[in-house]
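*Asks:* Encoded as structure tokens, here's the structure I'll be asking about.
Rule-based calculations on the coordinates, nothing more; no lab input. What you are looking at is a predicted structure, and each value in this text was computed from that prediction instead of being measured. Note: ideal-geometry Cβ built from the backbone for every residue, glycine included; neighbour counts use all protein chains shown.
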């Protein structure tokens, strides 16, 4: 699924460990063109690990052939089928509706600062 499943898993773990555990991790999955057994095993294990922390892996913009492979690998036993969205915007809207959360953009590196422009 990902060019390097181990790198993806490690990056997700790093982000989760860096601060308060997020409720959702939204993956912009549009570039994903295939899921192999290595990626399927990694996703299953990672999702189990995240679910134990009350964090959910959410996939947005996933192509239909890739979604069918996810179904064939039975990954929807851990990945909630309700957490597949056609767009990132739809995933964000669903999260905001479910949690009444305000939108706070995440950026790697320095925290976003308010603009000093009038």
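*Asks:* May I ask you to order 9-20, 26-37 by the average number of other C-beta atoms within 10 Å around their residues, highest value first?
*Replies:* Sorting 9-20, 26-37 by mean packing, highest first, produces 26-37, 9-20.
*Asks:* Another question, then. Give me the mean projected area, in nm² to one decimal, of the convex hull enclosing the Cα positions of the stretch 5-99. Mind dumping the intermediate values first?
*Replies:* On the way: hull surface 23.0 nm².
Its Cα hull, projected and averaged over all orientations, spans 5.7 nm².
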